[in-house]
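Right, one structure below, let's go through it.
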Amino acid sequence: MLAMLVSIVLSVLLLFPVPGWAAEGEVFPDLDINDPVALQEGSRVLEEELKLAARAQTYLLIDLVSGVIQIKARGVDLHRLPIAAWTVTELPRLTGTFRLTARPPVVRRKIDPSATTEQEPISLSDMPTEYRLSFTPAMTMDVESAAEQGAMGWIHTTSRKAWNQLRIWRQHLGGVQSSSEAPTLNITLSSEQAQSLAWSTVDGMPVVIRRPLEP
């Protein structure tokens, strides 16, 4: 009875502004309220986010339905990164809250002790544009830069995405999914947005993913 009540409350919250999101209107403006599956997914994501918003921390909401990565705190958008393209494997497993195990590697500038002028600290331009993020529970996210792919990069990226998509189709056709393989999410951003995401991440950062009805 209590679980049903919570579900109803969450569904209602999805339809109206709530305090943390009051300045932004509806939580998911693109939500089809006539689709019970979409409504259930929205309720699931909102329930996870409400837990995160109760603490003083930044977290990521990767909205694959709207095609945007939201950097948030207390339920409020701090920054939005448009997703140019994405592919995913093991979509049904992208539930709950994932936590980043380590920030992307950064090649730090060497400090010249003999320099007489002030040397700039690490900045956004030092962040990588292509990297892999690992999470717990087991999940990986490959971030790629659309601007720096080039001819060979485009071939490599396209081949990898085609292989991932083939695996997805095989899962659907076979009606089964691997019991051991971790989900993999491939996201393409502009080079600036990829650097911004790398800059914003911290160890242990929580991540919630809103899934589409179909991959």
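Tallying residues that are touching a residue at least 60 places away in the same chain (Cβ under 8 Å), surrounded by 15 or more Cβ atoms within 10 Å (Cβ to Cβ) and over 12 Å from the mean Cα position of the chain (by Cα) within segment 60-83 yields 0. Of all the numbered requirements in (1) more than 25 Å from Tyr59 (Cα to Cα); (2) among the acidic types (Asp, Glu); (3) modelled with pLDDT of 80 or more, Glu118 misses one, and that requirement is (3). Do the conditions hold for Pro113, that is, is it at pLDDT 95 or above and loosely packed, with under 14 Cβ neighbours inside 10 Å? No: the conditions fail for Pro113.
Evaluating Leu2 against the criteria (1) modelled with pLDDT under 95; (2) surrounded by 14 or more Cβ atoms within 10 Å (Cβ to Cβ) leaves one unmet condition, (2).
On the basis of being over 30 Å from Lys51 (Cα atoms), modelled with pLDDT of 55 or more and either in a helix (DSSP H, G or I) or touching a Phe, Trp or Tyr at 6+ places or on another chain (Cβ under 7 Å) (or both), does Ala162 make the cut? Here the answer is yes, as Ala162 does meet what is asked. When you check Ala84 against the structure, is it over 17 Å from Val207 (Cβ atoms), out of contact with any Gly (no Cβ under 8 Å at 6 or more places or on another chain) and at pLDDT 90 or above, yes or no? In short, yes.
Could you tell me which numbered condition Thr89 fails, if it satisfies all but one of (1) of a type in the set (Val, Ile, Thr); (2) within 11 Å of the chain's Cα centre (by Cα); (3) crowded, with 20+ Cβ neighbours inside 10 Å? Only one criterion is unmet by Thr89, namely (2). For Ser190, the conditions (1) in contact with a helix residue (DSSP H, G or I) (Cβ under 7 Å, 6 or more places away or on another chain); (2) surrounded by 15 or more Cβ atoms within 10 Å (Cβ to Cβ); (3) modelled with pLDDT of 85 or more all hold with the exception of (1). Just one of the listed residues (Leu61, Leu94, Leu50, Leu46) is closer than 17 Å to Pro212 by Cβ and out of contact with any strand residue (DSSP E or B) (no Cβ under 9 Å at 6 or more places or on another chain), and it is Leu46. Going residue by residue through segment 175-182, is there one that turns out to be outside any loop (DSSP other than H, G, I, E, B), within 17 Å of the chain's Cα centre (by Cα) and either at pLDDT 95 or above or surrounded by 11 or more Cβ atoms within 10 Å (Cβ to Cβ) (or both)? Within segment 175-182, not a single residue is outside any loop (DSSP other than H, G, I, E, B), within 17 Å of the chain's Cα centre (by Cα) and either at pLDDT 95 or above or surrounded by 11 or more Cβ atoms within 10 Å (Cβ to Cβ) (or both).
The values are calculated or read from the model by the stated rules, or taken from the named source; none is laboratory data. Note that the structure is a prediction, hence the values are computed from the model and not measured. Cβ: placed from backbone, ideal geometry, glycine included. Neighbour counts: every protein chain shown.
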